[in-house]
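> This is the structure I have questions about; it appears just below.
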Amino acid sequence: MMKAMAGPKLLVVHTSSNKALNGMAPASPMPFHVWSRCMWLVVFLALFTCVSLLTVFSTARASGGVAYQAAAPFTVTAAGAAEAGLPRYVFDALVHYAAAAGNSSSSMPEPDVRAIASVLRRRAPCNLLVFGLGAETPLWRALNHGGRTVFLDENPYYVVHLEGKHPGLEAYDVAYATAVRELPDLLDAARAARAAECRPVQNLLFSECRLAINDLPNQLYDVAWDVILVDGPRGFTQGSPGRMSAIYSAAVMARTKGTETEVMVHDYEREVERACGREFLCDENRVTATSTPSLGHFLVRGGAAVNREAFCGPPAAQKSKST
């Protein structure tokens, strides 16, 4: 008979993997497809978070740049003028298609379109003032890309119509108090009052000359216009406003604020345009190379050397020296 072993006894209990634990089914390993979906979800959320953060930072940076540009004054330096203007091939394409449309009665003849475009090619981007709205309005605005283009028209309803059709268009209506049939009287009055009201250099805003346009927004009188195109108002009949005031005001603006202003008058074959062009813009200032039978092109100089007593001819000081 064997003797019983002395000391404590150890009882080891093994749980079976096939039995329930505390009445619950044993945890089974996660299937591979469920684990894969979870991983993809985590990756997607991480990517979405990164993209959202980048979008927020980019938007904030762009908003800051726009705010800076809005606050900065509009200036075009000589070095940046070429970059600010249209590329040459775009400029040429616009002129080509506009000139091709010049056969219609409502469009400007092709030689005139090309002559005006050649001036804008040299001067744009610049300060461009256009008397008259018409079929070429989008063209002049596009060719002066990067500059400031302002339109003046006698018809306030047409101004509102084109402003809605071309967002961002800067246009103002002008009330003309003249008529084509008054041309001789207006020229005589301007010559008689030249020493006082109708001076070649003056502030048109306060002018008492009958030909002066003084109801424009005040800030337009302070602009040194590089190019002025007179293609309005109407002048077909004796009762039409005619372009006497537009040509006179353009001549004063060029001499008062400008240094070298290119003034172009369309429909130059008509009596009003030709008479006022010679009276206020002067034959000695005419640029024959870019003039046509129906377009008068003048280079009007302002500054210290301008003649303040008369529109045409040298200043009185130069006359005395020559004699």
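> Which one of TYR158, TYR221, TYR268, TYR248 is in a loop (DSSP other than H, G, I, E, B) and either surrounded by 13 or more Cβ atoms within 10 Å (Cβ to Cβ) or at pLDDT below 95 (or both)? Write out each step before concluding.
Values: TYR158 fails: in a loop (DSSP other than H, G, I, E, B); TYR221 fails: in a loop (DSSP other than H, G, I, E, B); TYR248 fails: in a loop (DSSP other than H, G, I, E, B).
Just a single option satisfies the conditions, and that option is TYR268.
> Can you name every residue in the stretch 188-218 that is open to solvent by less than 20 Å² (accessible area, probe 1.4 Å), over 26 Å from THR149 (Cα atoms) and either touching a strand residue (DSSP E or B) at 6+ places or on another chain (Cβ under 8 Å) or part of a helix (DSSP H, G or I) (or both)?
ALA190 - this is the single residue of the stretch 188-218 that is open to solvent by less than 20 Å² (accessible area, probe 1.4 Å), over 26 Å from THR149 (Cα atoms) and either touching a strand residue (DSSP E or B) at 6+ places or on another chain (Cβ under 8 Å) or part of a helix (DSSP H, G or I) (or both).
> Filter the stretch 138-155 for residues that are in a strand (DSSP E or B) and basic (Lys, Arg) and give the result. Don't jump to the end; show me each part of the working.
To start, the set of residues in the stretch 138-155 that are in a strand (DSSP E or B) comprises 148-153.
Once the filter is applied, which keeps residues that are in a strand (DSSP E or B) and basic (Lys, Arg), the stretch 138-155 yields only ARG148.
The values are calculated or read from the model by the stated rules, or taken from the named source; none is laboratory data. Keep in mind the model is a prediction, meaning the values are calculated, not measured. So basically every Cβ, Gly included, is an ideal-geometry build from the backbone, and we count neighbours across all protein chains shown. Ligands, DNA and RNA are excluded from the accessible area calculation, which covers all protein heavy atoms including side chains. Shrake-Rupley method; radii C 1.70, N 1.55, O 1.52, S 1.80 Å.
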